[in-house]
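Can you keep this structure in mind? I'll have questions shortly.
Please treat every number below as a calculation from the coordinates, not as lab data. Only a predicted model underlies this, so the values are computations on that prediction, with no experimental measurement involved. Cβ coordinates were reconstructed from backbone atoms using ideal geometry, including for glycine residues, and neighbour counts include every protein chain displayed.
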Amino acid sequence: MEGFSVTVTEAVCLGASLALSGICYYFYRKSRTTVNKLDDAPHFTIDGKLKDILKATPGACLQYAVIEGAVQPIGEPLRSQFQREIFGVLQKFMLREHRLVWNSISGSWIDREQLLHQRVNSVPFVLVGSDETAVRVLCPLQASGLHMEITHEKFHQVNYSLGDIVGQYFSGEKLKGQLETEEMLKVGATLTGVGELILDTDGTLNLRAPSNSAQYFLSTMDSDTLRQDLENVTVWWKAIAVASALAGAVIILWVGRRYYNHVRVRREWEQMRSEYERLQAEVQRSRSAMAGTEALQDGLENHIENVCVICLSQPRDCILLDCGHVCCCHSCYLALPQHLCPICRQNISRVVPLFHV
């Protein structure tokens, strides 16, 4: 409608809420699909019967299955660099730098972390069942949910000199120190694997990433706990998507309310203009009934005395209500940017024509 437009803030907020709800809904559907596939995946015990099951399966392959077993290395295991009695099959070493950065907006120091170095070592390993049946785990670093145990953690704090303190004051940064951590997947740990289970031609059992684009999991949690964690993530994505959609709906309702008020005000002004034109027509007919030169002279004098305070050319021919001021012509009244009296700045509820006798 003429005179109505959506503000930049409303457009940005609406676009952001719709985009966020769309992104969150995508991740919700993805998480929900993963949970559903995990619910449908068969659970198998690692024992001698597992090979017989795969032999009876077309292609000797189960596209999505859940197994649990103890971690055992194939060959020499990895030794912890800091606790020599600990052995594992996966090892991750990380060195992080911690700094305090001054935030002028909040007026406080904020902790900032930066990864300086990361190293991952691995050796081939299998999951072993109760009867020593083994399933080799392929590409473990591609799996999700792999939470290794922290075997070493040490923070190296920095000692400041007087010059360092002065430099920190001017630079707005303080170096706290470096955090050194080592994580390992220990030998003998119970691991839950969710992926594609195959029987190779040489008779070995392998667990690998699914070929049907399903998510590959290796977790130290049991299958029920893993499923519950995935369900919690799904609920959070759904809640954020619903909240974003509701925010977008609120913005749409707000814009709709403004549009309704705009239409209502325009309708009221159209009615006021029609009423004014009707009354003005009656005034013109009354003026036409007046005759004589004296009336024309009076009209000229009144025009000079009652000139519009805005255009200074047309006579004042309308009364602004409720304040009752007579200060402008109807054309200037229609051109007012706001419905406020030019004299007292009160709201104009209606306008009636003025008839000079």
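Given R₀ = 22 Å, what would the calculated FRET efficiency be for Met94 paired with Asp229, taking r from the Cβ atoms and rounding to 0.05?
After rounding to 0.05, the efficiency reads 0.45.
If each DSSP helix of 4+ residues adds -39,500 (n - 2.57) and the sum is divided by the residues in the chain, what number results at 222 nm, nearest 500 deg cm²/dmol?
Helix contribution divided over all residues of the chain: -13000 deg cm²/dmol.
Run the quick spin-label model on Ser211 and Leu116: label points 7 Å from Cα toward the beta carbon, then report their separation in nm to one decimal.
Calculated label separation equals 4.6 nm.
Additional query: Compute the helix-to-body angle for 8-40: its Cα long axis versus the longest principal axis of the chain, expressed 0 to 90° and rounded to tens.
30 degrees
If the viscosity is 1.002 mPa s and the temperature 20 °C, what translational diffusion coefficient in µm²/s does Stokes-Einstein give for the range 84-149 when Rh comes from Kirkwood over Cα pairs?
135 µm²/s
While we're looking at this one, here's another question. Over 23 Å between Cα atoms, which of Lys92/Lys174; Lys154/Lys186; Lys51/Lys92; Lys51/Lys186; Lys154/Lys176 qualify?
Correct reply: Lys92/Lys174; Lys51/Lys92; Lys51/Lys186.
Now for a separate question. As I understand it, the dipole of the chain uses +1 on the Cβ of Lys and Arg and -1 on the Cβ of Asp and Glu, about the Cα centre. Which of Ser5, Ser223, Ile198 lies farthest toward its positive end?
Ser5
Taking only Cα atoms, what is the 0 to 90° angle, nearest 10, from helix 293-305's long axis to the longest principal axis of the chain?
40 degrees
Moving on to the next point. Against the empirical 2.2 N^0.38 Å scaling, what ratio does the C-alpha Rg of the chain come to?
Here the Cα radius of gyration is 1.95 times the empirical estimate.
Mind ranking 328-336, 145-153, 167-175 by how tightly packed they are, going by the mean number of other C-beta atoms within 10 angstrom, highest first?
Peptide ranking by packing, descending: 328-336, 145-153, 167-175.
How much length, in nm to one decimal, is gained on full extension between Asp200 and Trp109, taken as 0.36 nm per residue of separation minus their Cα-Cα distance?
27.0 nm
Could you give the nm distance between label points at Tyr260 and His339, where each point is 7 Å from its Cα heading toward the beta carbon?
The answer from the label model is 1.7 nm.
State the extension gain, in nm to one decimal, for the chain segment bounded by Gln72 and Val307, taking 0.36 nm per residue of separation less the distance between their alpha-carbons.
Contour length minus the Cα-Cα distance gives 74.4 nm.
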